[in-house]
1. Has region 112-124 got at least one residue that is of a type in the set (Gly, Ala, Ser) and part of a strand (DSSP E or B)?
2. Among the residues in region 215-229, are any acidic (Asp, Glu), more than 44 Å from the chain's Cα centre (by Cα) and surrounded by 14 or more Cβ atoms within 10 Å (Cβ to Cβ)?
3. Taking the criterion of being within 30 Å of Val168 (Cβ to Cβ) and not polar (S, T, N, Q), would at least one residue in region 86-102 satisfy it?
4. Checking Ser356 against (1) more than 20 Å from Arg395 (Cβ to Cβ); (2) at pLDDT 95 or above, which test does it fail?
5. Name the residues in region 157-202 that are part of a loop (DSSP other than H, G, I, E, B), of a type in the set (Asp, Glu) and under 14 Å from the mean Cα position of the chain (by Cα), would you?
6. Limited to region 186-227, what total is found for residues that are among the aromatic types (Phe, Trp, Tyr) and closer than 15 Å to Gly261 by Cα?
7. Is there a residue being under 30 Å from Arg191 (Cβ atoms) and without any contact (Cβ under 8 Å) to a residue 40 or more places away in the chain anywhere in region 91-114?
8. Just wondering, is there one or more residues in region 383-400 that are exposed (fewer than 15 other Cβ atoms within 10 Å of the Cβ), touching a residue at least 12 places away in the same chain (Cβ under 8 Å) and aromatic (Phe, Trp, Tyr)?
Amino acid sequence: MVQKIKQASERFSARTFAVSVVGVLMLSGIIALVLMEVTKAEVAVDMNGEEAVVYTHAENVGDVLNEQGIEIGEHDLVEPSVDTKIEANMTIAYTEAQEVRVSIGEDTETVWTTADTVGDLLDDMNQEVGEHDQVEPDLNERLESGMDIAYQEAFPVTVTSDGETEEVWTVSTTVGDLLDAQAIELGELDRVEPEADEELNIEEDVRVVRVEKVTDVVEETISYGTVTENDSSMARGTEEVLEPGEEGKKEKRYEVVLEDGEEVSRELIDEEVVSESQDRVVAVGTRSTQQNVSRSGNASSSSSSSSAGEWMNFTATAYTAYCTGCSGVTRTGIDLRANPNSRVIAVDPSVIPLGSRVEVEGRGTFLAADTGGAINGRKIDIFMPDRSAALAFGRQSVRVRIVE
């Protein structure tokens, strides 16, 4: 019995000792854990704009980031540096670099950057952006990996259009692109100088020419001619106007090209007679006159022809009262402008005396009442009231004789 009690006591003592050892070990572990947690440093980590608070026994910034599973790339940004020792309540900022393509003018390069926006990136690249420069995407756009960024520097040009001239800033590469950017439309006939596909240069002068075609209708008169009719019932040298004559009318249609409102060309495209002219008809006497001569005594009566002179060959031209250098008043004082129906010729007074009545064969009689610088010898200049008739007469050979 005693032996059993002794054995039981021994078993209890061993068990008690084992429990005590385990308890001491557990307590030590708990104390160690508590001490470890208490001695950790509190650090704020900002990862790409997202902040988290961590507790760490890491020695430096790089170790902290490794604990967070962050692999630091060559172009990534870490502040402070990865070798900086950890201090309580410090803040670590980590920004992952992004690869983007940047085009400046015609040059393109790949850039690794930790900038937040397009504008920040250009600032980092020391690229100044002017008021009129063009950047795509917008300067405030947040950067994303693989983004394409294009920068174009604006330059000044002068644009003249629709009567206005102004200086504009542009990034256009051709004249046509500039017109599109300025919302300037060209009509079917309009043109631009330089041409639309020409490369645009700094301080270029660009001119838009507005072209239009219009039809202009012009009414002109048709001069009437003069027709003479021999009349045997009228004495030679006399005339009578049977029909006064009437001018006709015709319309001429012109295609007129205007550039910026100014006429640059005119082309006749159609001509139509509205009313025909009516000839002036003049009756010319052809009857010869007889004169009786009486003699005294037993002399018999006889008849003889008139005393008209012999026919002579002359060169004839025609003039008006409004010719260059003309006053409209003849050498003998007849105002032809006030008396447009006067039958007057200009002569060389040494051949045909002024004041003579002269017959032009087939045209009737005229008064030699004027002279002219070019009228010398056997030349006459016939007055006509109508310039077109005078031009149409031209230069002719005629027969002339002095009647009285």
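1. At the first step, the residues of region 112-124 found to be of a type in the set (Gly, Ala, Ser) are 115, 119.
Then keep just the ones that are part of a strand (DSSP E or B); that gives none.
Scanning region 112-124 turns up no residue that is of a type in the set (Gly, Ala, Ser) and part of a strand (DSSP E or B).
2. First, pick out the residues of region 215-229 that are acidic (Asp, Glu): 216, 219-220, 229.
Next, from what is left, pick out any that are more than 44 Å from the chain's Cα centre (by Cα): 229.
If we keep only those that are surrounded by 14 or more Cβ atoms within 10 Å (Cβ to Cβ) too, we end up with none.
There is no residue in region 215-229 that is acidic (Asp, Glu), more than 44 Å from the chain's Cα centre (by Cα) and surrounded by 14 or more Cβ atoms within 10 Å (Cβ to Cβ).
3. Going through region 86-102, the residues within 30 Å of Val168 (Cβ to Cβ) turn out to be 101-102.
With the extra rule that they be not polar (S, T, N, Q), the set shrinks to 101-102.
Yes, because at least one residue in region 86-102 is within 30 Å of Val168 (Cβ to Cβ) and not polar (S, T, N, Q).
4. Going through (1) more than 20 Å from Arg395 (Cβ to Cβ); (2) at pLDDT 95 or above one by one, Ser356 breaks only (2).
5. Of the residues in region 157-202, the ones part of a loop (DSSP other than H, G, I, E, B) are 162-163, 171-173, 182-190, 194-198, 200-202.
Narrowing the set further to residues that are of a type in the set (Asp, Glu) leaves 162, 185, 188, 190, 195, 197-198.
Result: Asp162, Glu185, Glu188, Asp190, Glu195.
6. Keep residues of region 186-227 that are among the aromatic types (Phe, Trp, Tyr), which gives 224.
Checking the rest, the ones that are also closer than 15 Å to Gly261 by Cα come to none.
Here the count works out to 0.
7. Yes: one or more hits.
8. Within region 383-400, not a single residue is exposed (fewer than 15 other Cβ atoms within 10 Å of the Cβ), touching a residue at least 12 places away in the same chain (Cβ under 8 Å) and aromatic (Phe, Trp, Tyr).
The values are calculated or read from the model by the stated rules, or taken from the named source; none is laboratory data. Bear in mind that the values here come from a model prediction, so they are computed numbers and not experimental data. Glycine gets a Cβ as well: all are built from the backbone with ideal geometry, and neighbour counts include every protein chain shown.
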